[in-house]
Amino acid sequence: MIVTFDKFKQSVEEQLNPLYFLAGNELLLVEESVALIASEAEGRGFAEIERVEIAQPDDWYSLLADASGRSLFAEKRLFDVRLTKNVLTSTVQTALAEWIQIVKGETILILRGWSWDYRFRNAAWFKSISALATTVIIDAVPAAKLSSWIRDRAQALGLKLSNEAIAELSDLTDGNLFAAQQELEKLRLIFLNEDTVVGIEELTRINWSISGAFDLVDAACNGNVNKLSTMLAAVRREGAQPLFLVGALGSQLRKYHDLACGRRVHLTTNRRRVGERVIKRLGRVGLERLISECAHLDCQQKGILHGDSWLALESMLLNLAGYQNRTLATDATRLRVDYEA
């Protein structure tokens, strides 16, 4: 059964089903969908949540065996299952169909789909899994509807934003729903219990770290090294964390990689032009290397690799701008922290 995202909340509140398949690339909305199921399940006695990753078809057998049995600590269990690729083979689908017949409402499986492509809707495996599971396709919010999405989210948080403020926030976040939600949460804390309409003047008095992050990424994408160096120093002085900048950078790189692969991607006209310049400069393989570099920089920021995260970030941005530098990937083995030493 396929349920549209806007009807999903009502569906969960009316009835919990044993199997859910969440497909989509909007991670914020996928996370919120999982949280919605978990919250409703908790109210119905599902006290235990287990998180599992499925990378191979054979991984299913131990999961379904575990999901068919009872836990020592809870009779009702919820499994949050991440699929790293398409492992929904015909054999797996048969096993899931048999499992549904014996589960008797004591276990729920939430399957998170891998990178989603709209062409999957016509695939035989998708039609089969949709017949077994409550399936929700979580599409990206179109650029034309982003302002309405921000307005609705703000109202849900008790915020009143002027049309100009909504437009400004929409431009700053450029379709990144995680970033937009974070900024709305920040505004909610700042204007807590204030019955005021937040406008452009109020926004300019706030330190918009997200603006600096995306402007910095744009400078690198446009190959503007002088502006890049100046902005990187300014953002560092303001106290922004490299991990936040890596998040903004990774978000743009993944969109440009999708564009390079010919996938459908929601970008404004200006962002698409920038993306085409980046693709021409680096190519698909170069973008893949930089996305991998984001993962290494994330490890360095978290203490898994030695080194200065800011220097590594600067080197990465220079690579994006078209200037070749040494990457963390080439030094990862040498820099890895040995906690047993």
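Computed from the coordinates by the stated procedures, all read-outs in this text should not be read as laboratory data. Everything numeric in this text was worked out from a predicted model, so none of it was measured. Backbone-built Cβ (ideal geometry, glycine too); neighbour counts: all protein chains shown.
Structure above, values below:
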read-out	value
Of Lys104/Lys127; Lys127/Lys280; Lys9/Lys76, those spanning more than 29 Å from alpha-carbon to alpha-carbon	Lys127/Lys280
Neighbourhood charge, 15 Å Cβ-Cβ cut-off, centred on Ser90 and excluding it, Lys, Arg +1 and Asp, Glu -1	-1
Label-point separation in nm, Glu42 to Asp139, each point 7 Å along Cα→Cβ	3.2 nm
Estimated FRET transfer efficiency when R0 is 51 angstrom, pair Ile190-Ile304 (beta carbons, to 0.05)	0.90
Spin-label model distance (nm) - Leu27 vs Glu276, 7 Å beyond Cα toward Cβ	2.9 nm
Cross-link reach list, aspartates and glutamates versus Lys145, counting only Cα pairs under 16 Å and skipping chain neighbours closer than eight places	Asp6, Glu26, Glu164, Glu168, Asp171, Asp174
Helix 309-320 vs. the chain, principal-axis angle (Cα, 0 to 90°, nearest 10)	80 degrees
Estimated [θ] at 222 nm from DSSP helical runs (n ≥ 4, -39500 (n - 2.57)) normalised by residues in the chain, nearest 500	-18500 deg cm²/dmol
On Cα atoms only, tilt of 5-14 relative to the major axis of the chain in degrees	40 degrees
Rotationally averaged projected area of the stretch 2-138 (alpha carbon convex hull; nm²)	7.5 nm²
The chain: relative contact order as a whole-number percent, Cα under 8 Å and 6+ apart	16 percent
Centroid-to-centroid separation of the stretch 12-73 and the stretch 119-166 [C-alpha atoms, Å]	20 Å
Values of log10 I(q)/I(0), in the order q = 0.09, 0.10, 0.14 Å⁻¹, for the chain under a Debye, Cα-only, solvent-free model	-0.61, -0.75, -1.26
Acute angle (nearest 10 degrees) that the helix 146-156 long axis makes with the longest principal axis of the chain, alpha-carbon atoms	70 degrees
Estimated FRET transfer efficiency (Arg51, Asn226; beta-carbon r; R0 56 Å; 0.05)	0.80
The chain - charge dipole about Cα centre, Lys and Arg +1 at Cβ, Asp and Glu -1, debye rounded to 20	1160 debye
Theoretical gain in end-to-end length, Arg119 to Val197 [0.36 nm per residue, Cα-Cα removed]	23.8 nm
Highest to lowest packing among 146-158, 163-175, scored as the average C-beta count within 10 Å	163-175, 146-158
